[in-house]
Ligand SMILES: *Cc1c(COP(=O)(O)O)cnc(C)c1O
């Protein structure tokens, strides 16, 4: 371990209060958090300590100017009980891409991964044993400097917290293709996992849900016809035997599940094309019977099967069944819990006695 991460353990674990068969969504947190502070141009004092509220100055710049970014990933357990992380170095480098875009300092990738490993090692008993469950990990960084004025902050916190999450039951979802509101524009912050991107999506998502849809399908800012992505998922279509996913044009989040699904599909012998794709093309493929499957990809749910896309005045029917997406989902899940060979070397083991 090249970083000296000091550890203060909790005196009173809350683990016995958690019902692993009934994990509430996003409201339970493990005993500890990783934290370090950036000041004087350096990350200082990396440590793990009991999870607690963090005092915030009312002028903390994150609250006013939105310098706040995050990551999302999961820790799993194999049959022997060894914790496993899925491609954590990709989350580390993506956090730093987000940081650069938002004028924030980068975190050394080794510090990011070491902090994750130490936290998961210490709180490994919180990784739910049930199939499909996992320990959700939330690394994030925000500006703490108390200053009123427009410039980059000079002090930040980088924190990792962990929250057990129950199994997600994949059902076929319905998307609303949004033509009024947008998520990201060329030159904007769409590639960054920046807190403000999600704030801007809340209202359009509420409106789509009120219409009976599960998620918003985001279209491009200029013409409202090119498909970008879904909520917190990237999107894939199977048309005439081939897979198509929107290219990474600067407005699409670089999903690690997306990247992995592309590699997996190619290894299964499918052609995967990354290119611009319009909602009209999807409508046409649905009409002429060549639209075979559609699905979203993201850490939270893995693969979400899409059965329908709602547009103003019409509905695009996709399919009620998604056999290839199901196969991809099952393979991904099996790799994540060490049930099948990790043939892409995606998994990183965490020694649970690390801490
Ligand atoms: C996080 C996220 C994704 C999915 O990324 P993964 O690394 O696969 O979890 C896709 N789109 C958006 C907007 C996201 O925030």
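The values are calculated or read from the model by the stated rules, or taken from the named source; none is laboratory data. Since we're looking at a predicted model, the values are computed, not measured. In this analysis, Cβ positions are derived from the backbone assuming ideal geometry, glycine residues included, and neighbour counts consider all displayed protein chains.
Residues are listed down the side, and each one gets a yes or a no for (1) away from the ligand (no atom under 14 Å from the Cβ); (2) closer than 21 Å to residue 263 by Cα:
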{"residue": "206", "(1), (2)": "yes, no"}
{"residue": "211", "(1), (2)": "yes, no"}
{"residue": "217", "(1), (2)": "no, no"}
{"residue": "221", "(1), (2)": "yes, no"}
{"residue": "233", "(1), (2)": "no, yes"}
{"residue": "237", "(1), (2)": "yes, yes"}
### Query
Only one of (1) within 13 Å of residue 170 (Cβ to Cβ); (2) part of a helix (DSSP H, G or I); (3) more than 19 Å from the chain's Cα centre (by Cα) is not met by residue 321, so which one is it?
(2)
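The rows are residues; the columns are (1) in contact with a strand residue (DSSP E or B) (Cβ under 8 Å, 6 or more places away or on another chain); (2) surrounded by fewer than 18 Cβ atoms within 10 Å (Cβ to Cβ); (3) assigned to a loop (DSSP other than H, G, I, E, B); (4) modelled with pLDDT under 95.
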residue	(1), (2), (3), (4)
161	yes, no, no, no
171	yes, yes, yes, yes
176	yes, no, no, no
182	yes, no, yes, no
186	no, yes, yes, yes
191	no, no, yes, no
### Message
Six or more apart or on different chains, Cβ atoms under 8 Å: show the pairs whose first residue is in segment 252-266 and farther than 10 Å from residue 297 by Cα and assigned by TED's automatic domain parsing to the domain that holds residue 297 and whose second is more than 6 Å from the ligand (Cβ to nearest atom) and part of a helix (DSSP H, G or I).
### Response
254/94; 254/97; 264/328; 264/331; 264/332; 265/324; 265/328
### Query
Given the structure, is residue 140 out of contact with any helix residue (DSSP H, G or I) (no Cβ under 7 Å at 6 or more places or on another chain), within 16 Å of the ligand (Cβ to nearest atom) and assigned to a strand (DSSP E or B)?
yes
### Task
Please work out which residue is farthest from the ligand (Cβ to nearest atom), limiting yourself to segment 239-254 and to residues that are buried (at least 18 other Cβ atoms within 10 Å of the Cβ) and more than 21 Å from residue 286 (Cα to Cα).
251
### Task
May I ask you to list pairs of residues, at least six apart or on different chains, whose Cβ atoms are under 6 Å apart, with the first in segment 87-112 being away from the ligand (no atom under 12 Å from the Cβ) and the second being modelled with pLDDT under 95?
110/2; 111/3
#### Entry: From the options 263, 274, 229, 284, residue that is within 16 Å of the ligand (Cβ to nearest atom), modelled with pLDDT of 95 or more and out of contact with any strand residue (DSSP E or B) (no Cβ under 8 Å at 6 or more places or on another chain)
263
### Task
Please find, among 75, 68, the residue that is closer than 17 Å to residue 33 by Cα, within 16 Å of the ligand (Cβ to nearest atom) and either touching a residue at least 40 places away in the same chain (Cβ under 8 Å) or touching a helix residue (DSSP H, G or I) at 6+ places or on another chain (Cβ under 8 Å) (or both).
75
